[in-house]
Structure formats: C-alpha cells, structure tokens
Amino acid sequence: MNNKEALPVPPRKRIALVAHDHKKRDLLEWAKYNRALLVQHELCATGTTGLLLEKALGTKILKLQSGPLGGDQQIGAKIAEGLIDFIIFFWDPLEPQPHDPDVKALLRIAVVWNVPVACNRASADFMISSPLMSSSYARILPNFDLHRDRFEAGLEEGLEAQPEADADAKLDAQLAAILDGELDATNT
C-alpha cells in the first residue's frame, strides 16, 4: 500500500457514546451490563446521554453539548483531530431528528477517518468484546494527499483552478496509477 499512515490506538480507548431519545434506555441498559469494560476507557457523550450514563455507571464522563445543540459536531471535530477511537451511537432509524444533517455528518466523518462505529446493541456487543478493545491497535488512516493537493499545481503556476470535471478526471487518473502500482507490487 502506498503512503498509508497508522494512528496508534492505545489499550485505553477514547469512546464517544451517543443515543437518540428513543434509544437512550437501550444504551443505558447496554452500558450498565458492560460497565466493567467501559470504565477502563475514557468516555465522552453528548448532553443528556452523558448525564444519564454518568449517573448510571458512577464514573466520570466528559459531557459535550446535546446533539441538536452541536454535540454531534463536537464529536465529529474530535474524530478529525484524532481524539476519538470508537463510537457507540444508538441512533433511531424510525424517528426523524431535527439535526439529521448533523447525524449524517458524524457518521460520515467516522467513515472518512476509519473510526469504528457501533449503531445498535449487536454491533456494540461484537465490538466491545473484541480482543482489540483491550490491546493496542494501529488504525490505518486514509491518505488524503491527492485530495489536499488537487489544485496545488495550478495555483503554483498562477493558473486558475481547473474546472471540476477536469480535476475529477485528473484525480481518477492519479488514483488509477496508484492502484496499478499497488497491484503490480502485490503480484511480484
């Protein structure tokens, strides 16, 4: 693989806990059942969820804003800064949320930065019981150099940025070249 960077994730994980109103009870029950495992890690949560979890678990939790007031965005920012290792987000797929764009942005940024997300009890059970939860782990970070530098050549030459279609075609060609190089390297 070309230019893959790994972020070391220590045995003590930084876990964000989030639950929509109709899923708070599920998260509280799950968290109480898994209390012994959760308290070994650094925990943060959005608003009301954090208050409820702190009381139920009897442990300190960094409480951010409520989701609709920016808490989801705060967690997203922590992900982009490399400060969240794992998210447990019991979201409600059957209820519209006033902050649906924020929810989508949080889930998107978790995928962008390769952060594991548990969205229900089953996935949370699988993830928290994984041997990786209590050991070090090297989380592979995507290489965003092509994205960050996509207009650099044109700007250095004093040219205007390429039209988006040209930039997309150039990016596709660069990605194909990288993938061809990776495939060639694995075939030898």
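The values are calculated or read from the model by the stated rules, or taken from the named source; none is laboratory data. These numbers come from a predicted model, not from an experiment. In this analysis, Cβ positions are derived from the backbone assuming ideal geometry, glycine residues included, and neighbour counts consider all displayed protein chains. These area figures cover heavy atoms from the full protein model, side chains too; ligands, DNA and RNA do not enter into them. Shrake-Rupley method; radii C 1.70, N 1.55, O 1.52, S 1.80 Å.
The table below gives the values:
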item: Subset of segment 12-28 that is in contact with an Asp or Glu (Cβ under 8 Å, 6 or more places away or on another chain) and either under 13 Å from A56 (Cα atoms) or basic (K, R) (or both) - its residue that is most open to solvent (accessible area, probe 1.4 Å); result: R12
item: Filter pass, L83 being under 19 Å from M133 (Cβ atoms) and either assigned to a helix (DSSP H, G or I) or out of contact with any helix residue (DSSP H, G or I) (no Cβ under 9 Å at 6 or more places or on another chain) (or both); result: no
item: Count of segment 105-129 residues which are outside any loop (DSSP other than H, G, I, E, B) and over 12 Å from the mean Cα position of the chain (by Cα); result: 8
item: Segment 1-18 - residue that is modelled with pLDDT under 95 and over 30 Å from A177 (Cα atoms) and, of those, nearest to the chain's Cα centre (by Cα); result: V9
item: Set G58, G50, G71, G82: member being more than 18 Å from C119 (Cβ to Cβ), open to solvent by less than 10 Å² (accessible area, probe 1.4 Å) and small (G, A, S); result: G50
item: I88, sole failed condition from (1) surrounded by 17 or more Cβ atoms within 10 Å (Cβ to Cβ); (2) assigned to a helix (DSSP H, G or I); result: (2)
item: Checking A80 against (1) touching a residue at least 12 places away in the same chain (Cβ under 8 Å); (2) over 10 Å from the mean Cα position of the chain (by Cα); (3) farther than 13 Å from L17 by Cβ, the condition it does not meet; result: (2)
item: Boolean, A77 is closer than 29 Å to P8 by Cβ, at pLDDT 95 or above, touching a helix residue (DSSP H, G or I) at 6+ places or on another chain (Cβ under 8 Å) and aliphatic (A, V, I, L, M); result: no
item: Selected residue [modelled with pLDDT of 95 or more and under 16 Å from the mean Cα position of the chain (by Cα)] from D85, D72, D102, D26; result: D85
item: Candidate set from segment 96-113 (those that are in contact with a helix residue (DSSP H, G or I) (Cβ under 7 Å, 6 or more places away or on another chain) and β-branched (V, I, T)); member that is nearest to G76 (Cα to Cα); result: I109
item: Test: residue in segment 26-49 that is of a type in the set (A, V, I, L, M), in contact with a Phe, Trp or Tyr (Cβ under 7 Å, 6 or more places away or on another chain) and in contact (Cβ under 8 Å) with a residue 24 or more places away in the chain; result: yes
item: P101 open to solvent by 40 Å² or more (accessible area, probe 1.4 Å) and touching a residue at least 12 places away in the same chain (Cβ under 8 Å); result: no
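A quick yes/no check of all residues on (1) in contact with a Lys or Arg (Cβ under 6 Å, 6 or more places away or on another chain); (2) closer than 27 Å to Y33 by Cα; (3) open to solvent by less than 60 Å² (accessible area, probe 1.4 Å):
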| residue | (1), (2), (3) |
| --- | --- |
| P93 | no, yes, no |
| W113 | no, no, yes |
| D125 | no, yes, no |
| I128 | no, yes, yes |
